[in-house]
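The values are calculated or read from the model by the stated rules, or taken from the named source; none is laboratory data. As the structure is a computational prediction, the values presented were derived from the model and not from experiment. Cβ placement follows ideal geometry from the backbone for every residue including glycine, while neighbour counts extend to all protein chains displayed.
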């Protein structure tokens with residue numbers, strides 16, 4: 001599903017999120033106050049703009065409120081990070097993701113309405129971008145720029161079918177490494193392994209293939 005993302009703050013984390021979302025084929029507006037940060041990403045995203053996102057009129061002028069998801073990736077200015085998160089929610093952006101430095105900062109962001117809090121030391125930008133795009137992805141480990149190990153909640157269409165019937169490698173280019181259900185884990189499941197509701201599939205896949213999976 002094609003979405004529009006705005007990423008505010010182009011440090012290491014913000015740049016990583018913006019690049020990954022763009023490489024997955026989504027519209028990305030990247031905003032930073034520093035000209036060199038904007039120049040560095042200009043050719044890799046839909047639009048890159050030098051602007052002070054703390055000014056509400058700047059955000060309005062850029063049409064930010066029409067975007068599906070906003071990522072507030074400002075790290076060094078906690079006040080700006082909180083203020084911008086609050087303004088984006090007040091503008092009516094449905095899903096706002098904000099980067100927190102500490103647990104306390106994260107609690108403040110929750111209070112002002114952030115839908116998801118990210119602690120970049122724990123969450124890589126690449127992983128976050130993939131989670132934003134695909135609803136049923138639960139965890140994501142990048143093996144290379146093209147391949148990843150991904151945990152997905154079983155798509156509805158897969159329930160009750162065996163791996164042999166689903167033929168996921170042929171249809172989607174993914175290989176199932178394990179099936180998890182609660183504490184039970186079946187490693188290297190055979191073709192006759194049947195998928196149950198609430199199963200979590202651990203798969204190796206190209207990043208493009210993951211997007212083609214049904215929800």
Matching residues, the range 127-157, being over 21 Å from residue 186 (Cα atoms), surrounded by fewer than 19 Cβ atoms within 10 Å (Cβ to Cβ) and modelled with pLDDT of 70 or more:
146, 147
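Just to be sure, is residue 160 at positive phi, at pLDDT 90 or above and over 26 Å from the mean Cα position of the chain (by Cα)?
So residue 160 passes the test.
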Output for the range 164-215, where each listed residue is in contact with a strand residue (DSSP E or B) (Cβ under 9 Å, 6 or more places away or on another chain), surrounded by 12 or more Cβ atoms within 10 Å (Cβ to Cβ) and on the phi > 0 side of the Ramachandran plot:
173
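Does the range 55-63 include one or more residues that are outside any helix (DSSP H, G or I) and modelled with pLDDT under 95?
Restricting attention to the range 55-63, the residues satisfying the condition of being outside any helix (DSSP H, G or I) are 55, 62-63.
Now restrict to residues that are modelled with pLDDT under 95: none.
Scanning the range 55-63, I find no residue that is outside any helix (DSSP H, G or I) and modelled with pLDDT under 95, so the answer is no.
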Would the range 86-94 turn up any residue that is in contact with a helix residue (DSSP H, G or I) (Cβ under 8 Å, 6 or more places away or on another chain), farther than 18 Å from residue 129 by Cα and in a loop (DSSP other than H, G, I, E, B)?
yes
Filter result (closer than 19 Å to residue 31 by Cα and more than 18 Å from the chain's Cα centre (by Cα)) within the range 91-120:
91, 92
